[in-house]
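Heads up, the thing below is written out as structure tokens.
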Amino acid sequence: MLRSEAARYARWSAIVALLLASVTTLVYLQRGWRRHVEKKNAPPPAPVNVTRQSAGINFKKYGEQNQTVFEVAASKSTEFKGEDANLLEDVRITIYGKTGDRHDVIHTRSCQYGKGDGGIACSGEVQIDLMTAANAQRTADHPEAAKAVATRIETRGVKFDRGSGLAQTDQKVTFAFPSGSGEAVGLEYQSEEGTVRLLRDVRFKLIQTASNAAKSKAVRDQAPPQEVQITGASLDFARDPRLMRLHGPAEAQTSTERLTAGEIKLTLDREFHAETLVASGSGENRPVATSQRTRDNMKLEADTLTAHFSPNGAITGLDAAGSVHGVRMGAAEQQEASAESGTVELWPWASQPREVNLHGNVLLRTQANNGGESRMLRTNAFRMEFSGGEAGRSGKAEKAETLEAGTMEWSDAAQAGAAPAKTKLQADRLVLEFGALGKARQLQAMGNVQTERAVPGRPVQTATARSGLAELQATGGWSQMDLDGEVKLNEGGRRGEGQHAVFARASQTATLTGNAVARDTATETHAPQITFEQLTGDIRAEGGVRSTDFSSHASAVQLAPAPANITADALQANSKTGRAFYSGHARLWQGDSVLESESIELLRPARVLNAVGNVRAVFPQAPGQSAGKGSSSRADQQGSVLTPVPVNAPRTAPKKPQLWHASAGSLSYYDAENRAHLEQNVVVQSAEHRMRGPVLDLFFIRAGQNGPLPGSSSATAGAQQISRAVGTGGIIVEEGSRKAIAERGEYLAATGKFVMSGGNPTLYDASAGTTTGRQLTFYLADDTIIVDSETGSRIVTKHRVQK
């Protein structure tokens with residue numbers, strides 16, 4: 001071998017050796033690094049008191065039919081020497097419940113497990129998730145989705161009893177569920193029953209968001225989530241019935257509303273969203289809900305208040321039961337409501353009332369501020385409907401009605417020193433309708449309608465009808481009330497009937513139409529329209545009036561023992577003053593007496609009748625015994641001298657009552673004096689003679705007053721009949737072709753005698769000439785004339801010659 005080759009082999013051998021040495025060094029270094037890493041990652045050496053460590057542990061509790069009630073799992077378990085406890089790490093307790101419908105999970109990093117009593121104590125942070133088995137299965141692959149259906153509780157220092165399934169802590173607890181979150185101090189969780197109890201200082205909130213069913217996206221955007229803050233002394237949560245019970249004193253509050261109660265119960269739906277909230281209590285802890293808004297404040301209290309929620313947390317309804325009482329204080333008025341129970345349905349997108357129902361002794365009262373008018377509704381069942389409101393804007397009232405008989409009462413504004421006038425409307429059903437602005441417009445009354453109007457100083461006015469309608473003012477007071485169907489009105493001693501009635505508040509009048517009738521204790525009046533004025537007591541009748549006076553002792557006139565009948569175009573009367581004024585074609589008749597004029601006025605207390613304008617009257621004349629030829633003597637009723645009568649003057653048979661006709665510009669009849677006073681172109685005439693003059697008085701005597709008058713019948717007994725007529729101011733008496741003129745003329749019905757006196761009494765006779773004297777007396781029955789002159793009296797008998 002050459003030296004050069006030997007050198008080459010030596011170099012290659014050195015390189016190979018170096019490579020082998022490098023590889024060997026790398027292998028050793030790699031093994032050393034591996035040992036370093038393994039040593040670094042290796043668990044710490046077991047303490048000297050550790051007996052055994054295991055990679056994991058799992059045990060279960062079974063119930064009926066081998067159903068797993070709960071399962072405890074840990075990733076690592078360490079057993080200690082001389083201690084009855086194991087250290088469990090990454091602990092997860094899953095509770096399925098007795099029926100397997102739950103999937104509640106308690107999770108923490110480490111716990112102490114007592115081998116003797118089976119208790120598990122977790123001193124660190126603990127998380128409890130409450131969820132249904134169905135939701136757990138549905139969200140298994142989507143952990144984030146579980147937050148929307150689960151209730152999560154976080155706390156520390158939890159102890160879990162394996163035997164009873166009770167988990168408890170006295171540390172601070174926070175919790176969250178789909179519609180809210182909260183906190184408390186202390187917790188007890190019964191895993192088998194699925195109940196949770198928060199021991200004290202409970203505070204949580206419910207989040208209310210705009211409904212997806214809102215009218216528009218703008219409404220949802222304008223309605224930010226509203227929080228309901230709830231506090232209480234302690235809380236019980238029953239997992240299976242999904243019931244939270246907050247023990248009081250409890251309180252729920254929003255930015256504008258507040259609810260206090262002795263106890264609040266919150267029921268959740270299957271997705272653990274708030275479903276109903278029930279507030280209850282008694283005494284000082286009676287539920288009270290208040291609301292403070294910009295324009296008004298409200299307060300509602302009852303034995304029980306229940307709120308209903310939609311799945312998104314919006315309130316859809318409110319129920320109240322047990323001595324319900326509510327008050328609303330507005331800028332212009334105060335409203336008050338009470339009932340045994342009530343419900344409110346809300347528009348969910350705006351949390352505004354949609355329908356209100358009240359039941360049992362319902363009372364609704366509204367009082368205007370500053371002593372203004374008030375109104376009150378009483379019924380046993382009431383319903384009110386509202387239009388849909390928008391977010392931030394209240395809905396408007398559309399309709400309100402009583403579902404049973406109801407009574408509406410109004411009180412006018414109180415006057416200084418006087419009681420207010422009051423009005424009442426009652427019916428089987430009342431329906432209140434509202435205008436476009438939400439103000440009450442009219443009130444309908446249906447079935448057995450009754451009204452009552454009380455004005456200070458006046459009799460109470462009542463009315464009944466089949467139906468009615470009240471027109472309302474913007475303030476809620478009434479302006480006009482219409483009644484229909486068999487209307488009957490009563491006011492003190494006055495009564496009225498008709499088919500229709502209109503009550504006007506401003507004028508305090510009641511107007512009857514449709515066969516209207518007005519009655520008092522003595523009279524009855526029929527007319528197409530009759531108006532009662534409550535303040536003055538006046539009665540006005542129009543359109544053709546017909547009255548009848550039945551009184552036998554209190555009437556203004558008693559011309560005959562029969563009802564007095566009066567017709568006219570119009571009537572104005574007052575029952576308090578006793579005055580009745582008939583105008584337009586007035587006509588009165590009673591027995592045989594008839595009176596017509598443009599107007600007739602009756603004054604009952606004074607017993608006076610006044611007729612004015614084209615007066616025409618008919619009165620019966622008292623029948624008498626007129627002396628004729630053959631009479632031996634005649635008594636002159638104007639003096640004490642007996643004047644001889646011709647012997648051949650025959651006596652006439654008794655005459656029946658005759659009717660006298662009278663006309664004048666005016667007539668006044670004084671019943672107490674039995675006298676009628678006529679003025680202005682007076683004409684009084686019978687079938688035989690006529691008296692004319694500017695003024696004339698008719699004197700009456702009542703037939704049968706001292707026994708029937710001669711010739712009177714039982715039909716005319718007690719009737720007023722003319723016994724004497726006296727005219728002044730220039731009287732003309734006409735009898736056939738004879739005419740007598742004097743300043744004064746007097747007629748005596750009993751003897752048929754005329755006495756003319758004053759001025760220059762003159763008797764004109766077309767066939768016998770003229771006779772004058774200081775006083776002329778002549779008789780209707782014959783042609784005898786007694787002339788009284790300065791030289792004495794003489795009798796002149798003239799006989800007419802028949803041609």
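The values are calculated or read from the model by the stated rules, or taken from the named source; none is laboratory data. In this text the structure is predicted, and so the values were computed from the model without any measurement. Quick reminder, even Gly has a Cβ in these numbers, built from the backbone with ideal geometry, and neighbours come from all protein chains shown. Quick note on the areas: whole protein, heavy atoms, side chains included, nothing else; ligands and nucleic acids left out. Shrake-Rupley method; radii C 1.70, N 1.55, O 1.52, S 1.80 Å.
Which net charge results for the neighbourhood of Leu469, defined as the other residues with beta-carbon distances under 9 angstrom from its beta-carbon, given Lys and Arg at +1 and Asp and Glu at -1?
-3
For Lys488, go through the aspartates and glutamates and keep the ones whose alpha-carbon is under 19 Å away, minus same-chain ones fewer than eight residues off.
Asp428, Glu452, Glu497, Asp520, Glu524, Glu533, Asp538, Glu542
Counting only other residues whose beta carbon sits under 12 Å from that of Glu89, what net charge do I get with K and R as +1, D and E as -1? Before the final figure, lay out the partial values.
Details: positive: Lys76, Arg92, Arg109; negative: Asp90.
Combined, the nearby Lys, Arg, Asp and Glu give +2.
Given the stretch 60-108, report the % of alpha carbon pairs whose separation exceeds 17 Å.
45 percent
In vacuo Debye scattering of the stretch 468-519, one point per C-alpha: log10 I(q)/I(0) at q = 0.14, 0.15, 0.21, 0.31 Å⁻¹?
Values returned for q = 0.14, 0.15, 0.21, 0.31 Å⁻¹ are -0.37, -0.41, -0.73, -1.16.
Which whole-number value in Å² is the accessible area per residue of the stretch 478-519, probe 1.4 Å? Numbers along the way, then the final one.
On the way: 1600 Å² over 42 residues.
Counting only protein heavy atoms, the per-residue value for the stretch 478-519 is 38 Å².
Note down the net charge around Gly360, summing +1 for each Lys or Arg and -1 for each Asp or Glu among other residues with Cβ under 11 Å from its Cβ. Please report the intermediate quantities before stating the final value.
Details: positive: none; negative: Glu340, Glu404.
Neighbourhood net charge equals -2.
Can you give me the % of accessible surface on the stretch 229-337 that is carbon or sulfur? Probe 1.4 Å, all protein chains present, nothing else counted.
On the way: 2500 of 5000 Å².
That share works out to 50 percent.
Hey, if you put +1 on the Cβ of every Lys and Arg and -1 on every Asp and Glu Cβ in the stretch 83-215, which of Ala176, Phe160, Tyr96 ends up farthest toward the positive end of that dipole?
Farthest along the dipole direction, towards plus: Ala176.
Keeping the other protein chains in place, figure out the carbon and sulfur percent of the accessible area of the stretch 461-551, with a 1.4 Å probe.
Values: 1720 of 3580 Å².
Of the solvent-accessible surface of the stretch 461-551, carbon and sulfur hold 48 percent.
How large are Rg and Dmax for the stretch 259-335 when only the alpha carbon atoms are used, in Å?
13.9, 46
What whole-number value in Å² describes the accessible area per residue of the stretch 62-166 for a 1.4 Å probe?
51 Å²
What whole-number value in Å² describes the accessible area per residue of the stretch 407-453 for a 1.4 Å probe?
49 Å²
Wrap a convex hull around the Cα atoms of the stretch 382-538, take a quarter of its surface area, and give that in square nanometres.
Directional mean of the projected Cα hull area for the stretch 382-538 stands at 10.7 nm².
Report, please, the projected area of the stretch 94-194 averaged over directions, based on the convex hull of its C-alpha atoms, in nm².
One quarter of the hull surface, i.e. the mean projection, equals 6.5 nm².
Taking all protein chains in place and a 1.4 Å probe, what share, in percent, of the accessible surface of the stretch 737-776 do carbon and sulfur account for? Kindly include the intermediate steps, with their values, before the conclusion.
Working: 720 of 1520 Å².
Of the solvent-accessible surface of the stretch 737-776, carbon and sulfur hold 48 percent.
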